[in-house]
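Below you'll find the structure, written out as structure tokens, and then a few comments.
The values are calculated or read from the model by the stated rules, or taken from the named source; none is laboratory data. Computed from a predicted structure; not experimentally measured. Cβ coordinates were reconstructed from backbone atoms using ideal geometry, including for glycine residues, and neighbour counts include every protein chain displayed.
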Amino acid sequence: MTCHQNRSFLFRVTKATADSTFGSQLNSQPNFSRLTLDDSAESCLVANMHTNAQALDEVIRQRRTLKMLAAEPLPASTQREVINEVIAAGAWAPFHKPSSSTHRGELNSFVPWRAYALDAAACRRLREKLIEVGDTTKIVQMLAAAEALIQVTWLPNPAKSETDALFEPTLENMEHLAAASAAVQNMLLTATARGFENYWSSGGALREKLVFDWMGIPATEILLGGIFLFPAETDNVETAEGKLRHKRGDVETWAKWIS
Ligand SMILES: Cc1cc2nc3c(=O)[nH]c(=O)nc-3n(C[C@H](O)[C@H](O)[C@H](O)COP(=O)(O)O)c2cc1C
């Protein structure tokens, strides 16, 4: 049996293997405790996991900022199915504390982030809206090229006292923001794996009330990023990489073992 033919067989593992490999959740399924793996199937399992790890490492390294700028709108194809997969990856980010119940409106999840997606056609409509109000920034050109824009917000706890700050500098808010960032990274990696060029923008005009109102984003939420997904094809459009991509230095410049 080849590894490929054996995908379903590989999941019929012994309790011991399941314990060490997948954790107790899988083990709670009764069928998984009876069958044993022969040596070749076990080595397939290990080989598959190794291949998955390498594939994941590769996607992490391949993720890059690439802005695409078009003077005139590119044809607006709708790829909602695949973009839904990108958004759904956000769901699996870790989060430490539930969002404040004051944020539970139409989108009523416990997670401290929210996502609002525009497909290509909606990006072009937002572009028109921004042009109407005199916006001449690169956001307009990116909306002309994007396959999708995902506005990711995070949900700060309501401030306990009067403050002019964007949010109170509490540990919980830091963790909400961190969790939302993990959700964004999941989306970027998933987008990369599906062949979308992508760009995490601070937002510029996308932070403005005009855009929040147009998209129906509650004013209590803070934009963490405008996540642009662009086509893989870069012909006939201007592109720009992230300025800091090659400035991060070696791992040794930001991590060390403590002995
Ligand atoms: C929170 C956040 C906000 C960002 N906002 C912008 C932005 O507004 N403009 C920009 O050019 N790049 C922005 N970037 C992208 C960075 O410039 C980019 O990640 C960096 O240059 C490293 O390149 P890489 O993403 O290809 O590794 C942002 C990145 C993050 C994490």
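Looking across segment 116-143, the residues that are among the small types (Gly, Ala, Ser) and surrounded by fewer than 21 Cβ atoms within 10 Å (Cβ to Cβ) come down to ALA117, ALA121, ALA122, GLY134. The lone criterion from (1) more than 11 Å from the ligand (Cβ to nearest atom); (2) at positive phi left unmet by LEU229 is number (2). All conditions in (1) surrounded by fewer than 17 Cβ atoms within 10 Å (Cβ to Cβ); (2) closer than 18 Å to ARG114 by Cα; (3) among the charged types (D, E, K, R) hold for GLU168, with the sole exception of (2).
Only residues that are among the β-branched types (Val, Ile, Thr) and either in contact (Cβ under 8 Å) with a residue 60 or more places away in the chain or within 26 Å of ASN236 (Cβ to Cβ) (or both): list them for segment 130-166, please. Result: ILE131, VAL133, THR136, THR137, ILE139, VAL140, ILE150, VAL152, THR153. If you filter segment 144-199 down to residues that are in a loop (DSSP other than H, G, I, E, B) and among the acidic types (Asp, Glu), you find that the one that is nearest to ARG63 (Cα to Cα) is GLU147. Residues that are loosely packed, with under 14 Cβ neighbours inside 10 Å and either modelled with pLDDT of 95 or more or part of a helix (DSSP H, G or I) (or both) within segment 92-105 comprise TRP92, PRO94, HIS96, SER101, THR102, listed in sequence order.
If you go through segment 52-81 and keep only what is away from the ligand (no atom under 16 Å from the Cβ), among the aliphatic types (A, V, I, L, M) and either surrounded by 16 or more Cβ atoms within 10 Å (Cβ to Cβ) or not assigned by TED's automatic domain parsing to the domain that holds PRO158 (or both), you end up with ALA53, ALA55, LEU56, ALA70, LEU74. Looking at segment 165-177, is at least one residue in the same structural domain as PRO75 (by TED's automatic domain parsing) and either within 12 Å of the ligand (Cβ to nearest atom) or within 16 Å of LEU143 (Cα to Cα) (or both)? Yes, the conditions are met somewhere in segment 165-177. Of all residues in segment 62-71, those satisfying the criterion of being over 19 Å from the mean Cα position of the chain (by Cα) and either modelled with pLDDT under 95 or in a loop (DSSP other than H, G, I, E, B) (or both) are ALA70, ALA71. Determine if segment 72-83 includes at least one residue that is under 18 Å from the mean Cα position of the chain (by Cα), closer than 18 Å to TRP200 by Cα and assigned to a helix (DSSP H, G or I). Yes. For the residues ALA193, ALA180, the requirement of being under 29 Å from ALA88 (Cβ atoms), assigned by TED's automatic domain parsing to the domain that holds ALA93 and within 14 Å of the ligand (Cβ to nearest atom) singles out ALA180.
Does segment 209-231 hold any residues that are outside any strand (DSSP E or B) and surrounded by 10 or more Cβ atoms within 10 Å (Cβ to Cβ), and which are they? Listed by number, the residues that qualify are LEU210, VAL211, PHE212, ASP213, TRP214, MET215, ILE217, PRO218, THR220, GLU221, PRO231. Restricting VAL111, VAL86 to residues that are surrounded by 17 or more Cβ atoms within 10 Å (Cβ to Cβ), modelled with pLDDT of 95 or more and not in a loop (DSSP other than H, G, I, E, B) narrows the list to VAL86.
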